[in-house]
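Reviewing the structure listed below.
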Amino acid sequence: MTTGTLITVAPTGAESAKTEVPALPVTLDELLLTAKECEALGASIIHVHIRDDDARPTLDLGRLRATVAALRESTDLIVQLSTGGAVTDPEADRLAVLDAAPDMASCTMGTVNFGDDVFLNRWEFIVDLHTRMQERGIVPEYEIFDLGHLTALRRLLDKYGLPHGGHVHVDFVMGVPGGMPGTTATLVAAQQMLRDLPEGTTFSATGIGRSSIPVMLASLSAGGHLRVGMEDTVTYAKGRPVESNMQLVARAVGFAQLAQRPPLNTTQARELLGL
Ligand code: KMH
Ligand code: ZN
């Protein structure tokens, strides 16, 4: 059964430099403006990475708390903080992100090569994230960069139980150099593997770079949801840099409407995710 479409905007990420991508929102004001405009277009979740005064990625707890509060005051978006951070962030700082008490947080289900870097996610670290989120009433979004991460998720849920709220939602992050490719065949394979997870498990998908559009179309046709934003995509079309996150959200909304799966509003999204 298909429903409307949950649209997540991931506006900033930790990988692009403001000097190279001037449209990237890096200050709190830029983030809030982006959040409000993306919500008005049809986004219901915001996946947040923040930057310091020099526009470098940071996991500073004071800033994270202020960001969560400001997003809640200015929007009704579901606030999802990244616990992935940047590849250089230590585990303790990534765990401490939960102290900012977001509605949701990401939980990456395994280690993956990440271009020339390694995005390290040890089993014990994953267990810590999952169990602390259970204790604190934070709903996880399980980030799946490779198919084996779904097997790890099944093992996690079997051993440590369901997340807060009881609903399992995963996000296929496809096309990272080192992870699974952003193709229809891979998305279908990943979707098939959801059969081993609790009934009712939902998925979003995002394709990095040029896999953005194929993954979006595949996800919509497979009953999945969408994540878009400048964390994942900085080129709109060949030779055309992305002008704003709103441009990417508007395109996703247009595709969702064409698929007759219009965007879920924030209330419907909360219901779907067990928030
Ligand atoms: N920046 C990547 C190393 C997440 O937000 O949880 C990890 C990432 C995943 O973006
Ligand atoms: Zn992220």
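Looking only at residues of the stretch 26-59 that are surrounded by fewer than 16 Cβ atoms within 10 Å (Cβ to Cβ) and of a type in the set (Asp, Glu), we find that the one that is nearest to ligand 1 (Cβ to nearest atom) is Asp52. Scanning the stretch 149-166 for any residue that is in contact (Cβ under 8 Å) with a residue 12 or more places away in the chain, β-branched (Val, Ile, Thr) and surrounded by fewer than 16 Cβ atoms within 10 Å (Cβ to Cβ) turns up at least one such residue. Residue count for the stretch 137-165, restricted to those that are within 16 Å of ligand 1 (Cβ to nearest atom) and under 17 Å from Thr83 (Cα atoms): 11. From the list Leu162, Leu194, Leu187, Leu156, which one is farther than 20 Å from Ala222 by Cα and either in a helix (DSSP H, G or I) or not hydrophobic (A, V, I, L, M, F, W, C) (or both)? Going through Leu162, Leu194, Leu187, Leu156 in turn, the sole match is Leu156. Among Asp54, Asp99, Asp93, Asp89, which is farther than 19 Å from Thr27 by Cβ and part of a loop (DSSP other than H, G, I, E, B)? Of Asp54, Asp99, Asp93, Asp89, the one residue that is farther than 19 Å from Thr27 by Cβ and part of a loop (DSSP other than H, G, I, E, B) is Asp89.
The set of residues from the stretch 221-232 being more than 14 Å from Gly182 (Cβ to Cβ) and open to solvent by 10 Å² or more (accessible area, probe 1.4 Å) comprises Ser221, Gly223, Glu231. When every residue of the stretch 216-239 is checked against the conditions, at least one turns out to be at positive phi and under 17 Å from the mean Cα position of the chain (by Cα).
Taking the criterion of being among the β-branched types (Val, Ile, Thr), in contact with a Ser or Thr (Cβ under 9 Å, 6 or more places away or on another chain) and assigned to a loop (DSSP other than H, G, I, E, B), the only residue of the stretch 197-229 that qualifies is Ile208. If you go through the stretch 10-25 and keep only what is within 13 Å of ligand 1 (Cβ to nearest atom) and open to solvent by less than 20 Å² (accessible area, probe 1.4 Å), you end up with Ala10, Pro11, Thr12, Gly13, Ala14. Just checking, does the stretch 254-267 include any residue being open to solvent by 50 Å² or more (accessible area, probe 1.4 Å), within 18 Å of the chain's Cα centre (by Cα) and closer than 20 Å to Gln80 by Cβ? Among the residues of the stretch 254-267, at least one is open to solvent by 50 Å² or more (accessible area, probe 1.4 Å), within 18 Å of the chain's Cα centre (by Cα) and closer than 20 Å to Gln80 by Cβ, which makes the answer yes. Among residues of the stretch 61-91 being within 16 Å of ligand 1 (Cβ to nearest atom) and loosely packed, with under 15 Cβ neighbours inside 10 Å, the one that is farthest from Leu41 (Cα to Cα) is Pro90. With respect to the conditions (1) within 14 Å of ligand 1 (Cβ to nearest atom); (2) open to solvent by 20 Å² or more (accessible area, probe 1.4 Å), His169 falls short on a single one, namely (2).
The values are calculated or read from the model by the stated rules, or taken from the named source; none is laboratory data. Quick caveat, the model's predicted, so the values are computed rather than measured. Cβ sites come from the backbone with ideal geometry, for glycine too, and all protein chains shown count toward neighbours. Just so you know, the surface numbers come from the protein's heavy atoms only, side chains and all, with ligands and any DNA or RNA stripped out. Shrake-Rupley method; radii C 1.70, N 1.55, O 1.52, S 1.80 Å.
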